[in-house]
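Student: Just dropping this structure here.
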Amino acid sequence: MWETGKTSQIATEMRRYNLAILGISETHWTQTGQKRLATGEMLLYSGHEKENAPHTQGVALMLSKVAQNAFVGWESYGSRIIKASFKTKKEGILMNIIQCYAPTNDSNGNIKDQFYDRLQSIIGKCPRKDLTILM
């Protein structure tokens, strides 16, 4: 996704498949933020925060115009986890979508432990009455 034009290509495919929300891993973007595309989709992204950080890892969620109508908010948890919340038709119940990019099996044990501890903490903070989807 780091290459020019990849974002609009992904948005085109998202519309072609009629998807409301698309989770993306390995964006290779740095920093955290949101962008509205010229075609109306919204991109929420999270990558390495440090200056001159490597263009590795990174996660994002792309939201269609329809999904944006139900969008409540989002949180970044580093370069591997992002969470967005949406209203549902059921009053008082949110849908939480967590997009993550887990370390590979051959990664350092500490990195894997930190990732899964953080993921468990994020899931644990989602109210049990809400719908939580992990991607």
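The rows are residues; the columns are (1) in contact with a strand residue (DSSP E or B) (Cβ under 9 Å, 6 or more places away or on another chain); (2) farther than 26 Å from TYR17 by Cβ; (3) surrounded by fewer than 17 Cβ atoms within 10 Å (Cβ to Cβ).
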{"site": "ALA67", "(1), (2), (3)": "yes, no, no"}
{"site": "PHE86", "(1), (2), (3)": "yes, no, no"}
{"site": "ASN110", "(1), (2), (3)": "no, yes, yes"}
{"site": "LEU131", "(1), (2), (3)": "yes, no, yes"}
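Student: Please identify the pairs in which a residue from segment 24-45 that is of a type in the set (Lys, Arg) has its Cβ atom under 9 Å from the Cβ atom of a residue that is modelled with pLDDT under 90, counting only partners at least 6 apart or on another chain.
Tutor: Final answer for the pair search is LYS35/THR7.
Student: Ok, one more. So how many residues does segment 89-122 have that are β-branched (Val, Ile, Thr), modelled with pLDDT of 95 or more and within 19 Å of GLY58 (Cα to Cα)?
Tutor: So the count comes out to 3.
Student: Of everything in segment 77-135 that's among the basic types (Lys, Arg) and assigned to a helix (DSSP H, G or I), which residue is nearest to TYR45 (Cα to Cα)?
Tutor: ARG118
Student: Taking interchain pairs and intrachain pairs at least six residues apart, which have beta carbon atoms under 7 angstrom, with the first residue in segment 114-126 and more than 27 Å from GLY92 (Cβ to Cβ) and the second among the charged types (D, E, K, R) and surrounded by 13 or more Cβ atoms within 10 Å (Cβ to Cβ)?
Tutor: Partner pairs satisfying both residue conditions: PHE115/ARG80.
Student: If we keep just the residues of segment 39-76 that are part of a loop (DSSP other than H, G, I, E, B) and among the small types (Gly, Ala, Ser), which is modelled with the highest pLDDT?
Tutor: Out of the qualifying residues, it is SER64.
Student: Just to be sure before I move on: is ILE24 assigned to a helix (DSSP H, G or I) and at pLDDT 90 or above in the structure I sent?
Tutor: So ILE24 fails the test.
Student: Do we find that ILE98 is in contact with a Leu (Cβ under 7 Å, 6 or more places away or on another chain) and over 26 Å from HIS28 (Cβ atoms) in this structure?
Tutor: Taking the combined requirement at face value, the residue does not satisfy it.
The values are calculated or read from the model by the stated rules, or taken from the named source; none is laboratory data. Nothing here was measured: the structure is a model prediction, and the numbers come from that model. All Cβ positions, glycine included, derive from the backbone under ideal geometry; neighbour counts span all protein chains shown.
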